[in-house]
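Novice: Quick one: this structure, given as structure tokens, is what I'll be asking you about.
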Ligand SMILES: [Fe+2]
Ligand SMILES: [Fe+2]
């Protein structure tokens, strides 16, 4: 099975530039064209949050249009720049996503040899992420339900300290407790994230955890959450 990850797309409304200077929509379109040119093709693409830059409906409409050109199916989860309600409203045709009133955008995809668990770490109006009691319980129950299938978890905020201090300041709360849960489930083969716009791989929770670079900018040091 081949899984492609794209992350931190930061799409803006059609005709706009991100921060007035970065052509994030065109950069995502390039990434989509590249994925479509791969042989063999990925079985699935995961988009691990910061799908758009301001969480606005017109941004999700632009995103929907660009992602519709992907040949493989795509799975999306929110990041700190996303807004659940606008995302679920515009992506209502994506049947794996919960309904618009759902408190979190969590799901498990059972269609592939590797089970894919999407986690929603976002906290409205904040750049940091959260694995609260409810989310930790959901994760533990979801992993317990299928103890023998190889499983990959994907999320926006990395659950480990990255060493990029100004980004760790907008990192994940509850990562240690999540690590304890993942360590008890030996079938978790990977945990992948985004948020810091650069690649890191670490040994974590008895498995390998990583972040991937953004499809747009790679994060000059700015004192705000990416
Ligand atoms: Fe982020
Ligand atoms: Fe980002």
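Novice: In segment 62-82, which residue that is part of a loop (DSSP other than H, G, I, E, B) and over 13 Å from the mean Cα position of the chain (by Cα) is surrounded by the fewest Cβ atoms within 10 Å (Cβ to Cβ)?
Specialist: Looking only at segment 62-82, we keep the residues that are part of a loop (DSSP other than H, G, I, E, B), and these are 68-73, 78-82.
Going one step further and asking which of them are over 13 Å from the mean Cα position of the chain (by Cα), we end up with 68-73.
On the way: 68: 10, 69: 12, 70: 19, 71: 13, 72: 15, 73: 16.
Taking the candidates together, the pick is 68.
Novice: Moving on. Kindly provide the set of residues from segment 9-22 that are touching a residue at least 60 places away in the same chain (Cβ under 8 Å) and either loosely packed, with under 14 Cβ neighbours inside 10 Å or not in a strand (DSSP E or B) (or both), ordered by number.
Specialist: Of the residues in segment 9-22, the ones touching a residue at least 60 places away in the same chain (Cβ under 8 Å) are 9-10, 18, 22.
Of everything in segment 9-22, those that are touching a residue at least 60 places away in the same chain (Cβ under 8 Å) and either loosely packed, with under 14 Cβ neighbours inside 10 Å or not in a strand (DSSP E or B) (or both) turn out to be 9, 10.
Novice: Only one residue in 197, 201 is within 28 Å of residue 28 (Cβ to Cβ) and within 16 Å of ligand 2 (Cβ to nearest atom). Which one?
Specialist: The match here is 197.
Novice: Given 96, 107, which one is surrounded by fewer than 20 Cβ atoms within 10 Å (Cβ to Cβ) and under 14 Å from the mean Cα position of the chain (by Cα)?
Specialist: One residue alone meets the criteria, 107.
Novice: Let me ask you something else. May I ask you to say which residue of 97, 172, 139 is out of contact with any helix residue (DSSP H, G or I) (no Cβ under 7 Å at 6 or more places or on another chain) and closer than 23 Å to residue 6 by Cα?
Specialist: 172
Novice: Considering only segment 46-57, state which residues are over 16 Å from residue 7 (Cβ atoms) and buried (at least 17 other Cβ atoms within 10 Å of the Cβ).
Specialist: Passing the criteria: only 55.
Novice: Scan segment 24-55 for residues that are in a loop (DSSP other than H, G, I, E, B) and within 16 Å of ligand 1 (Cβ to nearest atom) and jot them down. Spell out how you get there, then give the answer.
Specialist: Keep residues of segment 24-55 that are in a loop (DSSP other than H, G, I, E, B), which gives 38-43, 49-51, 53-55.
If the condition is that a residue be in a loop (DSSP other than H, G, I, E, B) and within 16 Å of ligand 1 (Cβ to nearest atom), then 49, 50, 51, 53, 54, 55 are the ones that fit.
Novice: To continue, here is another question. Given the options 27, 41, name the one that is within 15 Å of ligand 2 (Cβ to nearest atom) and either over 16 Å from the mean Cα position of the chain (by Cα) or at pLDDT below 95 (or both).
Specialist: 27
The values are calculated or read from the model by the stated rules, or taken from the named source; none is laboratory data. Just so we're clear, the structure is a prediction, and the values are computed from it rather than from any experiment. With ideal geometry, Cβ positions are generated from the backbone for all residues, glycine too; neighbour counts draw on all protein chains shown.
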